[in-house]
Amino acid sequence: MSLLVRPLPGTARDPLYPDSDGLPMGETDFHFIAIKYLYGALSYWFRSRDDVYVAANMLLYYEERSPAKNRGPDVMVSKGVRGKHRRRSFRTWEEGVVPAAIIEITSIGTQREDEIVKPHVYAGIGVKEYFMFDPEGQYLRPRLRGFQLVDEEYEPMTADAAGNLYSSELGMRLVADDELLRLVDPATGKPLPTEEEYAEQLEQAAEQLEQAAEQLEQTKEQLEQTKEQLEQANEQAQAERQRASELEAELARLRASRPAP
């Protein structure tokens, strides 16, 4: 008797829930770079959490047997999932959870949907935090806006004096930094690096390791030289002690052989 094994959430091909909505995904470099950074930084931040899944530009289906009930968040973070396996789409009834936080990178083509349509949908399905970021600073005022779910409705988050927001769901501060929405580790106060910055850090670390290795080699050579000098000094001291002993013996012999007065 064979048991039916249910596929992992989001992995089964289902013509009712296509992997793509057929719409072009083209955006400016500003939007692509902003999404790329957020996806990479969030994936790294939650790397040790097997129950947290980060996705970018993936269709989110939020009502079974209603394929039209979908949206394509730029970036979403979901907690309580069953693994980090690759998915074709995110189907909430398969996952058993809805995204905990969603970030939209706003453009002229998405401004109305980001401000009006998506907040209504996301609040309705229970997404706890919703953020909008305008990398060009042309479509949103302020360019970073955040909302938290209170009694099934979104309420604006209060920004600090610099316009930054804190996400309880992500456990980080969100900071508008030129065209990037930076994620800042509150424990260190430092932003998570971009891929380029991380590569530079790795290169610097490799250089530092190389320098440390050279210093260790120099120290090793100095220790070898010191060891040789100590051995030579020890040999010289032994020779001097031997010479002194011989002189003392000769002096004693001479004294013994001297005739009595």
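The values are calculated or read from the model by the stated rules, or taken from the named source; none is laboratory data. Small disclaimer: the values here were computed from a predicted structure and weren't measured. Here the Cβ is made from the backbone with ideal geometry for all residues, glycine too, and neighbour counts use every protein chain on show.
Could you grab me the full set of residues in the range 179-238 that are surrounded by 10 or more Cβ atoms within 10 Å (Cβ to Cβ), closer than 30 Å to Phe46 by Cβ and of a type in the set (S, T, N, Q)?
Thr194, Gln201, Gln204, Gln208
Just the residues that are within 26 Å of Leu144 (Cα to Cα) and part of a strand (DSSP E or B), please, taken from the range 80-132.
Answer for the range 80-132, where residues must be within 26 Å of Leu144 (Cα to Cα) and part of a strand (DSSP E or B): Phe90, Ala101, Ile102, Ile103, Glu104, Ile105, Glu129, Tyr130, Phe131, Met132.
Tell me yes or no: at least one residue of the range 194-201 is in contact (Cβ under 8 Å) with a residue 60 or more places away in the chain and within 20 Å of the chain's Cα centre (by Cα).
Yes, the range 194-201 contains at least one residue that is in contact (Cβ under 8 Å) with a residue 60 or more places away in the chain and within 20 Å of the chain's Cα centre (by Cα).
Yes or no, residue by residue, for (1) buried (at least 23 other Cβ atoms within 10 Å of the Cβ); (2) within 24 Å of Glu196 (Cα to Cα):
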residue: Ala34; (1), (2): yes, yes
residue: Tyr44; (1), (2): no, yes
residue: Asn57; (1), (2): no, yes
residue: Leu60; (1), (2): yes, no
residue: Arg65; (1), (2): no, no
residue: Gly72; (1), (2): no, no
residue: Met76; (1), (2): yes, yes
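For Val77, state whether it is in a strand (DSSP E or B), touching a residue at least 12 places away in the same chain (Cβ under 8 Å) and not basic (Lys, Arg).
Considered against the rule, which asks whether it is in a strand (DSSP E or B), touching a residue at least 12 places away in the same chain (Cβ under 8 Å) and not basic (Lys, Arg), Val77 comes out as yes.
Go through (1) on the phi < 0 side of the Ramachandran plot; (2) in contact with a helix residue (DSSP H, G or I) (Cβ under 7 Å, 6 or more places away or on another chain) one by one and return the number of the condition Gly10 breaks.
Every listed condition holds for Gly10 apart from (1).
Determine the pairs where a residue that is assigned to a strand (DSSP E or B), located within the range 162-187, has a partner that is of a type in the set (Ser, Thr, Tyr) and surrounded by fewer than 17 Cβ atoms within 10 Å (Cβ to Cβ) with Cβ atoms under 6 Å apart, the partner being 6 or more residues away or on another chain.
Listed by first residue and then by second, the contacts come to Arg173/Tyr166.
Against the condition part of a helix (DSSP H, G or I) and either in contact with a Lys or Arg (Cβ under 7 Å, 6 or more places away or on another chain) or at pLDDT 85 or above (or both), how does Gln236 come out, does it pass?
Taking the combined requirement at face value, the residue satisfies it.
Evaluate the following for Glu155: is it assigned to a strand (DSSP E or B) and without any contact (Cβ under 8 Å) to a residue 12 or more places away in the chain?
When the stated conditions are applied, Glu155 passes them.
Could you list, in sequence order, the residues of the range 140-159 that are more than 17 Å from Ala123 (Cβ to Cβ) and either surrounded by 12 or more Cβ atoms within 10 Å (Cβ to Cβ) or at pLDDT 95 or above (or both)?
Leu140, Pro142, Arg143, Leu144, Thr158, Ala159
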